[in-house]
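So the structure is just underneath, and the comments pick up after that.
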Amino acid sequence: MIKVDFNRPVTVGNEFEYMRQAIENAKISGDGVFTKKCHAFLESELGVRKALLTTSCTHALEMCALLLEIQPGDEVIIPDFTFVSTVNAFVLRGAKPVFVDIHPDTLNLDETKLEAAVTPRTKAVVPVHYAGVGCEMEVIVEITKRRQIALVEDNAHGLFGQYRGKYLGTFGALATQSFHETKNFSCGEGGALLINDPALAERAEIIREKGTNRARFFRGQVDKYTWVDIGSSYLPSDLLAAFLYAQFEQREKIQSHRKNVWNMYRAALQEWAQKNGVQLPAVPPDREQAYHMFYMLLPNLDLRQKFIMHLRERGIYSVFHYLPLHLSDMGRRFGYRPGDCPVTERVSDQLVRLPLHNELSGADQEMVIDAILDFKFQ
């Protein structure tokens with residue numbers, strides 16, 4: 001029987017009240033009152049030009065591919081250690097993924113390998129801020145600007161994380177967020193597109209509205225709206241936005257709780273980890289993390305699997321994470337082979353994620369820590 005869930009969706013404030021209000025507003029489809037509140041919140045807090053809620057981070061990434069006019073034959077540079085949506089959004093438009101290996105400490109894209117991956121066909125670079133710890137953005141921004149390549153941040157893990165005092169998601173022309181139930185701020189399924197390049201803002205609205213200029217119509221800029229571009233339906237229900245906005249209102253409470261949980265894991269496990277050759281998360285001093293997850297790298301795959309089973313026997317649910325994209329069936333179709341991204345291959349076998357959610361109690365966390373300290377490496 002599971003005593004400690006890996007993740008648990010919870011309410012933290014006015015979620016039900018705001019959903020009731022959305023229903024009373026007689027508009028629960030997209031771009032209602034609470035959707036607009038979420039847009040304003042993200043734009044104000046992050047300082048981005050425009051924020052648009054989407055049905056998922058996957059759909060926000062697909063919008064990026066459309067906005068950048070990705071075509072067959074284009075190449076997009078992506079870290080090998082990421083969720084499949086990061087690559088699918090661009091492959092759907094005919095792009096070839098160029099996988100780059102990761103740093104062994106932060107598990108972010110290794111920027112020292114970026115320049116060598118660029119070719120005349122490179123259309124975009126998509127760094128992923130793994131676990132909400134920022135990539136080395138100064139180097140990545142310099143390379144993409146000099147080579148005139150679009151920069152898209154997959155910031156699914158990193159809302160309110162910072163790199164050298166600047167919010168993640170504000171470096172690239174475009175960035176994406178996730179509000180899936182496993183994220184710090186959730187509405188079950190949802191995402192957002194952050195637009196930092198003003199030249200892309202109006203077209204983003206059109207693509208999100210099925211290729212129509214409906215947004216301009218509602219602003220009174222045109223007297224009727226029509227089909228003007230390619231697009232799809234990327235608007236989430238205002239019911240979901242109502243739930244999400246209630247979570248945004250509790251930003252400090254949510255982040256403070258997750259920070260305390262993360263720091264407790266770190267303090268309680270540091271000595272144990274050093275003694276047993278276990279790697280804990282690395283957060284460089286010039287970065288403020290988002291406290292999205294706490295993971296550990298065990299010495300090898302066998303120990304990782306034994307460790308997960310050990311916790312499961314104690315009623316604690318822990319999980320591993322991404323498999324190397326270059327070794328997937330699709331990755332092999334693009335010509336990748338074992339050994340192409342050795343750090344990713346090793347990390348994928350070693351990583352385990354511990355329970356961390358907005359309702360994890362001190363007693364639950366003590367149970368997890370006690371079980372970890374009891375694990376036998378022999």
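Here's a check for you: in the range 172-182, which residue that is touching a Gly at 6+ places or on another chain (Cβ under 9 Å) and buried (at least 23 other Cβ atoms within 10 Å of the Cβ) is farthest from Ala116 (Cα to Cα)?
Applying the first criterion (touching a Gly at 6+ places or on another chain (Cβ under 9 Å)) to the range 172-182 yields 175-181.
Okay, now just the ones that are also buried (at least 23 other Cβ atoms within 10 Å of the Cβ), so 175-179.
Values: Ala175: 24, Thr176: 25, Gln177: 28, Ser178: 30, Phe179: 34 Å.
Out of the qualifying residues, it is Phe179.
Give me a count of the residues in the range 111-167 that are farther than 30 Å from Thr182 by Cα, surrounded by fewer than 18 Cβ atoms within 10 Å (Cβ to Cβ) and among the basic types (Lys, Arg).
Residues in the range 111-167 being farther than 30 Å from Thr182 by Cα, surrounded by fewer than 18 Cβ atoms within 10 Å (Cβ to Cβ) and among the basic types (Lys, Arg): 5 in total.
Can you spot a residue in the range 96-104 that is in the same structural domain as Lys145 (by TED's automatic domain parsing), surrounded by fewer than 20 Cβ atoms within 10 Å (Cβ to Cβ), modelled with pLDDT of 95 or more and within 23 Å of Arg287 (Cβ to Cβ)?
Checked the range 96-104: at least one residue is in the same structural domain as Lys145 (by TED's automatic domain parsing), surrounded by fewer than 20 Cβ atoms within 10 Å (Cβ to Cβ), modelled with pLDDT of 95 or more and within 23 Å of Arg287 (Cβ to Cβ).
Please go through (1) over 19 Å from His357 (Cβ atoms); (2) over 21 Å from the mean Cα position of the chain (by Cα); (3) of a type in the set (A, V, I, L, M, F, W, C) for Ala241 and return the number of the only condition it doesn't satisfy.
Only one criterion is unmet by Ala241, namely (2).
Count, please, the residues in the range 154-190 that happen to be in a loop (DSSP other than H, G, I, E, B), touching a Leu at 6+ places or on another chain (Cβ under 9 Å) and of a type in the set (Val, Ile, Thr).
1
Mind listing whichever residues of the range 245-260 are aliphatic (A, V, I, L, M) and in contact with a helix residue (DSSP H, G or I) (Cβ under 6 Å, 6 or more places away or on another chain)? Before you say what the answer is, go through the steps one by one.
We begin by selecting, within the range 245-260, every residue aliphatic (A, V, I, L, M); these are 246, 254.
The one that is aliphatic (A, V, I, L, M) and in contact with a helix residue (DSSP H, G or I) (Cβ under 6 Å, 6 or more places away or on another chain): Ala246.
With the condition kept exactly as written, say whether any residue in the range 227-234 is surrounded by 19 or more Cβ atoms within 10 Å (Cβ to Cβ), aromatic (Phe, Trp, Tyr) and closer than 28 Å to Thr54 by Cα.
Taking the range 227-234 as the starting set, the residues that turn out to be surrounded by 19 or more Cβ atoms within 10 Å (Cβ to Cβ) are 231, 234.
Keeping just the survivors that are aromatic (Phe, Trp, Tyr) gives 234.
Filter once more, so that each one left must be closer than 28 Å to Thr54 by Cα: 234.
Yes; the residues of the range 227-234 include at least one that is surrounded by 19 or more Cβ atoms within 10 Å (Cβ to Cβ), aromatic (Phe, Trp, Tyr) and closer than 28 Å to Thr54 by Cα.
Restricting to the range 297-328, name every residue that is of a type in the set (A, V, I, L, M, F, W, C) and either at positive phi or in a loop (DSSP other than H, G, I, E, B) (or both). Walk me through it before giving the result.
From the range 297-328, those of a type in the set (A, V, I, L, M, F, W, C) are 297-298, 301, 303, 307-309, 311, 316, 319-320, 323, 325, 327; that's our starting set.
If the condition is that a residue be of a type in the set (A, V, I, L, M, F, W, C) and either at positive phi or in a loop (DSSP other than H, G, I, E, B) (or both), then Leu298, Phe320, Leu323 are the ones that fit.
Taking Thr106 and the conditions (1) within 17 Å of Val84 (Cβ to Cβ); (2) of a type outside the set (A, V, I, L, M, F, W, C); (3) in a loop (DSSP other than H, G, I, E, B), which numbered condition does it fall short on, given that it satisfies the others?
(1)
Among the numbered conditions (1) surrounded by 14 or more Cβ atoms within 10 Å (Cβ to Cβ); (2) at pLDDT 95 or above; (3) touching a helix residue (DSSP H, G or I) at 6+ places or on another chain (Cβ under 9 Å); (4) of a type outside the set (Lys, Arg), tell me where Glu17 comes up short.
(1)
Condition first: in a strand (DSSP E or B) and either in the same structural domain as Leu280 (by TED's automatic domain parsing) or buried (at least 18 other Cβ atoms within 10 Å of the Cβ) (or both). Can you find one or more residues in the range 358-376 that meet it? Before you say what the answer is, go through the steps one by one.
Initially, the range 358-376 is screened for residues in a strand (DSSP E or B), giving none.
The answer is no, given that none of the residues of the range 358-376 is in a strand (DSSP E or B) and either in the same structural domain as Leu280 (by TED's automatic domain parsing) or buried (at least 18 other Cβ atoms within 10 Å of the Cβ) (or both).
Go through the range 262-290 residue by residue and tally those that are in a helix (DSSP H, G or I) and among the small types (Gly, Ala, Ser).
Qualifying residue count for the region: 3.
Taking only the range 1-42 into account, find how many residues are assigned to a loop (DSSP other than H, G, I, E, B) and without any contact (Cβ under 8 Å) to a residue 12 or more places away in the chain. Lay out the reasoning, then the answer.
Quick first cut of the range 1-42, residues assigned to a loop (DSSP other than H, G, I, E, B) only: 1-3, 5-14, 25-32.
With without any contact (Cβ under 8 Å) to a residue 12 or more places away in the chain added as a condition, the list becomes 26.
Number of matching residues: 1.
Among the residues of the range 335-357 satisfying the criterion of being more than 22 Å from Glu111 (Cα to Cα) and not basic (Lys, Arg), which is surrounded by the fewest Cβ atoms within 10 Å (Cβ to Cβ)? Let's see the steps before the verdict.
First, pick out the residues of the range 335-357 that are more than 22 Å from Glu111 (Cα to Cα): 335, 349-350, 352-357.
So of that shortlist, the ones also not basic (Lys, Arg) come out as 335, 349-350, 352, 354-357.
Numbers: Gly335: 9, Asp349: 19, Gln350: 18, Val352: 21, Leu354: 24, Pro355: 23, Leu356: 22, His357: 20.
If we take residues in the range 335-357 being more than 22 Å from Glu111 (Cα to Cα) and not basic (Lys, Arg), then Gly335 is surrounded by the fewest Cβ atoms within 10 Å (Cβ to Cβ).
The values are calculated or read from the model by the stated rules, or taken from the named source; none is laboratory data. Since we're looking at a predicted model, the values are computed, not measured. Note that we place each Cβ from the backbone using ideal geometry, even for glycine, and neighbour counts take in every protein chain shown.
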